[in-house]
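A quick write-up on the structure given underneath.
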Amino acid sequence: MSTHAATAPAALPSESSTSSCAGKALVVGIAGIVLTIIGLFISGGKTVAFSWLTGMTFWTAIAIGMLMLVMIHHILDSSWSVVLRRQYEHGLAAFPWLALLFVPLVVVSWMGDHDLLWKWMNPNYDLGSGHTVGHDPLYVKKASFLNLPMFTAMTALCFIVWIWLSARLRKASFTQDADGDLKWTFMNRKTAAFGLILGATTLTLASIYWVKSLDYHWFSTMFGVWFFANCARGALSVGVLMLLWLYARGDLKGVLNTNHLHSAGMLVFAFTVFWAYITFSQYFLIWNANIPEETFWYNLREITKAGEPSQWKYVGMFLLFGHFLLPFLYLLSYKNKIVHSRIKPICIWILFVIAVDMIYNIAPAVKDYVTGEPLPFLSMNLLWTATSIVGIGGVCLWAYLKSFTTTKLIPIRDPRINECLTHHE
């Protein structure tokens, strides 16, 4: 393991230009949040709450993906990803703000609107034909897990774990820039050893509590893995966009090479196939077993009560081709992974489709008051989802940019930095 310091330029990034970008990101974030709040008076609390949950899940998934990839980097002692790892470390600064932005959903749940999002929080919620949640045998079996105090405690625990792991990883990496001590590398390796277990457990808990339990009758053993696939793929796409932005600014000239992009592109390709495998397996097993407690989840997203195809069926077909087939075929090309003008649009596309995937998994839980069917995809709910994603995303970008100027552009004294700068396939 090389212990030589990097010889490439690694001064602190330009604070003035970065601060300007950070200010603009915060303005965009606040504007998105204000527009979402306005939506409360137009579409009502339930619709906006689901939109806010979608935005929170989308950006938290990307932050979790960054955390998991940083720990995978350390546990595998990877060299090529050292420069990319530094951008993820800055991205982890968003976790405290994500925790703060999630608070309204918890507060509303405690203030009386127990079934605003998660109907199992209200034991008197009418499931139809006079049956209530409190008398539902399936809920009774899950009541020790699905209850408001446990939901609050597990959500708080997830954010505490993510923030704590991020703080340990960031502190060790940033401190090593100053003293070059190898103990920080070994400390992060130890953190990754138990952190990957904690990360996998908490991301699964979060996906089950926040998303899967919206239809608590549904069963799926693959949901946490599906969520992780989107976490990793989203983080990789954001990471590539970060590198391209820094290269265009001139910060990474002489640092970033085509082999870095090729390695990142291969991982994006790998997680494209992984997402497809998990998603197909979940659908196929549920379709093959044909158990009503499982199939209803897809029925809500495919047909109306009259037996006609719903808008959500076409969204599902869009995910099949847009989430898998298009990126799969596109990323087969070597040039599409290394040419800046080619890899950038596919990363943006992947982030867009991940957002649609989150909407597909969350929004159909909002039912029309008259028909009892899921609200159509093309509704006001989609507008508030967009403002939520923009608002929360602006705050996350602001947190990243504020952290960006606090340390060196690259980890100049990381023992793998020279191998990273000379990375070849």
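Every number here is computed from the coordinates shown, using simple stated rules; none is lab data. Predicted model, so just to flag it, every value in this text is computed and none were measured. For neighbour counting, all protein chains shown are included, and Cβ atoms are generated from backbone atoms with ideal geometry for every residue, glycine included.
See the values below:
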{"item": "Residues being farther than 9 Å from residue 28 by Cα and either of a type in the set (A, V, I, L, M) or surrounded by fewer than 22 Cβ atoms within 10 Å (Cβ to Cβ) (or both) - total across the stretch 377-391", "result": "8"}
{"item": "Matching residues, the stretch 206-223, being more than 13 Å from residue 119 (Cβ to Cβ), of a type outside the set (D, E, K, R) and in a helix (DSSP H, G or I)", "result": "206, 207, 208, 209, 210, 223"}
{"item": "Check on residue 252, under 14 Å from the mean Cα position of the chain (by Cα), crowded, with 22+ Cβ neighbours inside 10 Å and farther than 17 Å from residue 121 by Cα", "result": "no"}
{"item": "Test: residue in the stretch 196-211 that is more than 23 Å from residue 55 (Cα to Cα), aliphatic (A, V, I, L, M) and touching a residue at least 60 places away in the same chain (Cβ under 8 Å)", "result": "yes"}
{"item": "Scan of the stretch 292-338 for residues that are outside any helix (DSSP H, G or I), touching a residue at least 40 places away in the same chain (Cβ under 8 Å) and not charged (D, E, K, R), ordered by number", "result": "300, 304, 310, 331, 332, 334"}
{"item": "Breaking point among (1) polar (S, T, N, Q); (2) in a loop (DSSP other than H, G, I, E, B); (3) within 25 Å of residue 208 (Cβ to Cβ), for residue 361", "result": "(2)"}
{"item": "Residues of the stretch 192-204 satisfying the condition of being polar (S, T, N, Q) and buried (at least 21 other Cβ atoms within 10 Å of the Cβ)", "result": "202"}
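One line per residue, one yes/no per condition, for (1) of a type in the set (Ser, Thr, Tyr); (2) surrounded by 20 or more Cβ atoms within 10 Å (Cβ to Cβ); (3) touching a helix residue (DSSP H, G or I) at 6+ places or on another chain (Cβ under 6 Å):
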position	(1), (2), (3)
221	yes, no, no
232	no, yes, yes
241	no, no, yes
281	yes, no, no
